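In what follows, a structure is listed as structure tokens, so that the remarks can point back to it.
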Amino acid sequence: MKEQIKFKIKSLVDECSNDIIKIRHHLHQYPELSFKEYNTAKYIAQILADFGIEYQTGIVETGIVGEIRGRNPNKKVIALRADIDALPIQETSGVDFTSKNEGVMHACGHDFHTASLLGTLYILNHLKDSFEGTVKFLFQPGEELLPGGAKLMIEEGVLENPKVQSITGQHVYPDLETGTIGIKSGTYMASADEIYFTVKGKGGHGALPHQSIDPILITSHIIVALQQIVSRNCSPYTPAVLSFGDIEGKGATNIIPNEVKVKGTFRTFDEKWREDAHKLMIKMAEGIADSMGAKCEFEVRKGYPVLENDTELTNFNRQAAIEYLGKENVVDLGLRMTAEDFAYYSQKIPACFYRIGTANDKKNIGGALHNGNLTVDDEALEIATGLMAYMAIRQLDDN
Ligand code: NI
């Protein structure tokens with residue numbers, strides 16, 4: 001059974017791979033920013049229509065959902081998800097299908113995820129007599145921008161009617177070679193919150209500090225002290241980072257400014273500690289400012305939660321990947337400090353998010369995520385397409 005399905009999938013991959021590669025190149029040439037993926041959505045819808053797959057558009061405006069029903073469609077419902085948005089980055093990769101939209105690029109591989117899922121659906125639609133249950137698919141907008149398309153799609157009910165029992169998604173990974181995948185069960189990716197604070201003092205002449213309340217010095221104390229939350233309050237068994245990337249205090253060599261604004265990010269892997277840390281940061285920053293005669297307005301903008309890979313589903317998908325790719329090509333991953341809105345699905349239902357190797361040293365393909373130099377290997381697209389189809393069918397023939 002397994003060998004037969006694998007063989008069928010691989011021949012369908014051969015049948016569609018040229019088209020799927022062309023689809024990715026098209027998406028790559030016309031990237032659109034988060035929640036503005038209007039042409040992308042139209043393009044995806046057209047391809048689904050060409051494949052004879054039914055779908056519904058307009059979910060969170062540019063999202064698309066649909067179902068492929070196998071035999072006994074109510075027996076089990078699983079979901080597959082791809083994100084479709086691009087980033088405000090100027091492409092420098094030099095590929096011949098480089099972005100035609102100035103300053104916008106698929107620098108996080110979502111063109112790959114979208115094309116790959118379309119290929120997977122092409123395969124599953126041909127094999128719908130070979131599995132029992134339903135595959136729901138989600139083309140999700142706005143992964144790169146808060147509040148996150150995943151959150152909004154869940155609020156619009158994409159995990160209901162029919163009720164989805166588990167969800168699987170993938171992400172390109174330029175740290176792994178084509179032909180391999182990386183996977184981790186349990187806690188996998190960090191929560192990510194945006195930190196904004198303003199210290200309000202009293203500006204004046206730099207020569208007369210005793211007549212001012214210096215927000216620059218006070219901010220310096222706050223920044224140093226806040227690191228104590230990571231180094232002293234956080235359990236050493238729970239990784240956390242607090243990084244500040246922007247400080248604005250518009251004085252001069254001889255001018256103490258009125259206020260200083262700071263922006264940063266806080267990330268960790270434990271939802272309870274995350275809440276506690278927010279409170280500690282606010283208390284500490286306000287207390288320090290107060291003790292020095294200033295005011296601190298501290299805002300935590302909550303971002304994506306911790307991404308938890310369901311142990312059972314992830315182990316199942318890992319086993320399917322071993323069957324499809326060979327044991328030597330399935331790599332165990334560690335924790336990852338970046339965040340991903342797929343985490344919202346993982347907070348609702350059993351979820352599995354894995355990494356597909358897309359680097360190819362010999363062809364000089366790699367670069368970095370969220371960088372204009374990112375390139376991904378088209379050969380990896382063929383593997384991703386077939387692998388996700390195999391995972392889905394294995395999930396639906398095992399019960
Ligand atoms: Ni991404």
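Can you run down the residue pairs with Cβ atoms below 8 Å, 6 or more apart or on separate chains, where the first is in the range 316-339 and outside the structural domain of THR268 (by TED's automatic domain parsing) and in a strand (DSSP E or B) and the partner is of a type outside the set (Phe, Trp, Tyr) and open to solvent by 30 Å² or more (accessible area, probe 1.4 Å)?
Close Cβ pairs satisfying both conditions: VAL330/ARG318; VAL330/ILE322; ASP332/LYS184.
For LEU369, indicate whether it is within 16 Å of the ligand (Cβ to nearest atom) and in the same structural domain as GLU155 (by TED's automatic domain parsing).
yes
If I filter the range 314-330 for residues that are closer than 19 Å to SER191 by Cα and either open to solvent by less than 60 Å² (accessible area, probe 1.4 Å) or of a type in the set (Phe, Trp, Tyr) (or both), do I get at least one hit?
The answer is no, given that none of the residues of the range 314-330 is closer than 19 Å to SER191 by Cα and either open to solvent by less than 60 Å² (accessible area, probe 1.4 Å) or of a type in the set (Phe, Trp, Tyr) (or both).
Go through (1) within 16 Å of the ligand (Cβ to nearest atom); (2) touching a Leu at 6+ places or on another chain (Cβ under 9 Å); (3) not basic (Lys, Arg) and name the single condition HIS113 misses.
(2)
Would it be correct to say that THR120 is away from the ligand (no atom under 16 Å from the Cβ), of a type in the set (S, T, N, Q) and part of a helix (DSSP H, G or I)?
yes
Take the residues in the range 131-187 that are aromatic (Phe, Trp, Tyr) and either more than 16 Å from the ligand (Cβ to nearest atom) or not assigned by TED's automatic domain parsing to the domain that holds ALA321 (or both); name whichever of them is farthest from ILE393 (Cα to Cα).
Among those that are aromatic (Phe, Trp, Tyr) and either more than 16 Å from the ligand (Cβ to nearest atom) or not assigned by TED's automatic domain parsing to the domain that holds ALA321 (or both), it is PHE137.
Would you be able to say whether some residue in the range 70-84 is over 22 Å from PRO305 (Cβ atoms), within 16 Å of the chain's Cα centre (by Cα) and within 16 Å of the ligand (Cβ to nearest atom)?
Checked the range 70-84: no residue is over 22 Å from PRO305 (Cβ atoms), within 16 Å of the chain's Cα centre (by Cα) and within 16 Å of the ligand (Cβ to nearest atom).
Consider LEU242 carefully, then state whether it is in a helix (DSSP H, G or I), in contact with a strand residue (DSSP E or B) (Cβ under 8 Å, 6 or more places away or on another chain), open to solvent by less than 20 Å² (accessible area, probe 1.4 Å) and among the hydrophobic types (A, V, I, L, M, F, W, C).
Details: in a helix (DSSP H, G or I): no; in contact with a strand residue (DSSP E or B) (Cβ under 8 Å, 6 or more places away or on another chain): yes; open to solvent by less than 20 Å² (accessible area, probe 1.4 Å): yes; among the hydrophobic types (A, V, I, L, M, F, W, C): yes.
When the stated conditions are applied, LEU242 does not pass them.
When you scan the range 373-394, do you find a residue that is over 27 Å from GLU15 (Cα atoms), buried (at least 17 other Cβ atoms within 10 Å of the Cβ) and in the same structural domain as MET105 (by TED's automatic domain parsing), even just one? If you could, list the steps in order and put the result at the bottom.
Kept after step one, since they are over 27 Å from GLU15 (Cα atoms), are these residues of the range 373-394: 373-374.
Still in the list and also buried (at least 17 other Cβ atoms within 10 Å of the Cβ): 374.
Within this subset, residues satisfying the condition of being in the same structural domain as MET105 (by TED's automatic domain parsing) are 374.
So far as the range 373-394 goes, yes, one or more of its residues are over 27 Å from GLU15 (Cα atoms), buried (at least 17 other Cβ atoms within 10 Å of the Cβ) and in the same structural domain as MET105 (by TED's automatic domain parsing).
Given the criterion hydroxyl-bearing (Ser, Thr, Tyr) and touching a helix residue (DSSP H, G or I) at 6+ places or on another chain (Cβ under 9 Å), identify the matching residue among THR375, THR338.
THR375
Rundown of residues vs (1) in contact with a strand residue (DSSP E or B) (Cβ under 8 Å, 6 or more places away or on another chain); (2) under 17 Å from TYR304 (Cα atoms); (3) away from the ligand (no atom under 16 Å from the Cβ), yes/no style:
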{"site": "ALA321", "(1), (2), (3)": "yes, no, yes"}
{"site": "ASN329", "(1), (2), (3)": "yes, no, yes"}
{"site": "LEU335", "(1), (2), (3)": "yes, yes, yes"}
{"site": "THR338", "(1), (2), (3)": "yes, yes, no"}
{"site": "ILE356", "(1), (2), (3)": "yes, no, no"}
{"site": "ASN360", "(1), (2), (3)": "yes, no, yes"}
{"site": "ILE365", "(1), (2), (3)": "yes, no, yes"}
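Of everything in the range 107-126, what is in contact with a helix residue (DSSP H, G or I) (Cβ under 9 Å, 6 or more places away or on another chain), more than 14 Å from HIS26 (Cα to Cα) and open to solvent by less than 10 Å² (accessible area, probe 1.4 Å)? Give them in sequence order.
LEU117, GLY119, THR120, LEU121, ILE123, LEU124
Sort through GLU177, GLU156 and tell me the only one that's within 21 Å of ALA321 (Cβ to Cβ) and either out of contact with any Gly (no Cβ under 7 Å at 6 or more places or on another chain) or open to solvent by 20 Å² or more (accessible area, probe 1.4 Å) (or both).
Every option except GLU177 fails the conditions.
The values are calculated or read from the model by the stated rules, or taken from the named source; none is laboratory data. Fair warning: this is a prediction, and the values are worked out from it, not measured in the lab. Cβ atoms come from the backbone with ideal geometry, glycine included; neighbour counts cover every protein chain shown. Just so you know, the surface numbers come from the protein's heavy atoms only, side chains and all, with ligands and any DNA or RNA stripped out. Shrake-Rupley method; radii C 1.70, N 1.55, O 1.52, S 1.80 Å.
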